[in-house]
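Only the coordinates and a few stated rules stand behind these numbers; no lab work does. Here the structure is a predicted model, which is why all the values come from computation and not from measurement. Here the Cβ is made from the backbone with ideal geometry for all residues, glycine too, and neighbour counts use every protein chain on show.
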Amino acid sequence: MSNPVRPKKFLGQHFLRDENIARKIAESLTGFGGYAKVIEIGPGTGILTRFLINNPDYKWFGVELDRDSVAFLRESFPQISEQLFEEDFLKMSLQKIANDEQLAVIGNFPYNISSQIVFKIIENLELIPEMVGMFQKEMAQRMAAPHGNKTFGILSVLTQAFYSVEYLFQVDEHVFHPPPKVKSAVIRLKRKEGLLPCDKKKLFLVVKTAFNQRRKTLRNSLKGLEIQWQNLPEHFLGERPEQLSLEDFFMLARNA
């Protein structure tokens, strides 16, 4: 069937055209966490969908905001019509699909909302043990960056606090329609076991406050917070946020 869906710039659509890459993305799901449901965000023209809907290990669900794509998907894959939601993933309640069961998230994510997708996954981490997603390469590198790296930032700390991040492979521009102006990369997240060793809200507050003034030392960037500096290593005061490890941020949050 020919594809009548035209990519819409305002939705950040770049349709993947390479079936081998689509298969590779689908096969990057490992089943970690024992989920039986998978949500594909923005299935678009269904190139990834076709490698997901017949997998016996899980039931596929799709969330697509573009009406033209929804119509095309329902015509192309009539068997999944009831499992396709014409909604905004960022606004929908995941319980509509999860029903208190574990689920994975996968997709070739629109780059203009990809960080918001990651934060929504973190907000719902008790439901989501695994994610496989295509991101702009620079963002993928930020998510996987170790401390001390210049790209280490808010997204790095908050993603790595809750998930193990695996940078899987790079994807070149020419396999998309239209080609983006940047390279892409596929990331896999696997939820960390055990409790967060600090308060979640305090961790978010400390990390965002520190990195919003990342050129300043922590002494200056965090002066608006009531940090118990006497309980922390003295060198923290003179450090910049990218110099701190994940465990250091946990320590800061426990003393905020």
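Taking the number of Cβ atoms within 10 Å of each Cβ as an exposure proxy, the fewest-first ranking of 39, 113 is 113, 39. Placing a label point 7 Å from the Cα of residue 226 along the Cα-to-Cβ direction, the residues of the stretch 191-208 whose backbone N falls under 15 Å from that point are 202.
For the stretch 177-256, applying the loop criterion from DSSP together with a ceiling of 14 other beta carbons within 10 Å to the trypsin sites (Lys or Arg not before Pro) yields 181, 183, 192, 214, 215, 216, 223.
Counted by neighbouring Cβ atoms within 10 Å, the residues 118, 105, 70 run from fewest to most as 70, 118, 105. Here the chain is treated with +1 on each Lys and Arg Cβ and -1 on each Asp and Glu Cβ, and its dipole about the Cα centre works out to around 880 debye. Does the chain classify as rounded, prolate or oblate by the C-alpha gyration tensor (a ≥ b ≥ c root eigenvalues; a/c under 1.5 gives rounded; else a/b over b/c gives prolate, otherwise oblate)? Cα axes put the chain in the prolate bin.
In this structure the amide hydrogen of residue 104, modeled in the peptide plane, comes within under 5 Å of the amide hydrogens of 37, 38, 39, none closer than 5 places in sequence on its chain. Other residues with beta-carbon under 10 Å from the beta-carbon of residue 255 carry, at +1 per Lys or Arg and -1 per Asp or Glu, a net charge of +1. Summarising the amide proton neighbourhood of residue 5: residues at separation of 5 or more, or on other chains, whose placed amide H is nearer than 5 Å comprise an empty set.
Over the stretch 1-115, Cα pairs under 8 Å with separation of 6+ residues give a relative contact order of 34 percent. By the gyration tensor of its Cα atoms, with a ≥ b ≥ c the square roots of the eigenvalues, what is the shape of the stretch 200-254: rounded for a/c under 1.5, prolate for a/b over b/c, or oblate? The shape class here is rounded. In sequence order, the stretch 33-45 has phi-based couplings of x, x, 6, 10, 9, 10, 9, 9, 8, x, x, x, 9 Hz under the Karplus curve 6.51 cos²θ - 1.76 cosθ + 1.60, θ = phi - 60°, and Gly or Pro positions carry x. For the stretch 222-256, GluC sites (Glu not before Pro) meeting the loop criterion (DSSP other than H, G, I, E, B) and having at most 15 other Cβ atoms within 10 Å: 226, 239. Phi angles of the stretch 250-256 translate, via the Karplus equation with coefficients 6.51, -1.76, 1.60 and θ = phi - 60°, into HN-Hα couplings of 4, 5, 4, 5, 5, 10, 9 Hz per residue; Gly and Pro are given as x. Ordering 43, 33, 94 by Cα displacement along the dipole of the stretch 1-137 toward the positive end leaves 43 in first place; charges were set at the Cβ atoms of Lys, Arg (+1) and Asp, Glu (-1).
Each residue of the stretch 100-108 was assigned a 3J(HN,Hα) from its phi angle through the Karplus expression (A = 6.51, B = -1.76, C = 1.60, θ = phi - 60°), giving 6, 9, 6, 8, 9, 10, 9, x, 9 Hz with x at Gly and Pro.
Restricting to DSSP loop positions (anything but H, G, I, E, B) with no more than 14 other Cβ atoms inside 10 Å of their own Cβ, which trypsin sites (Lys or Arg not before Pro) remain in the stretch 64-126? Passing both the DSSP loop test and the Cβ count: 91.
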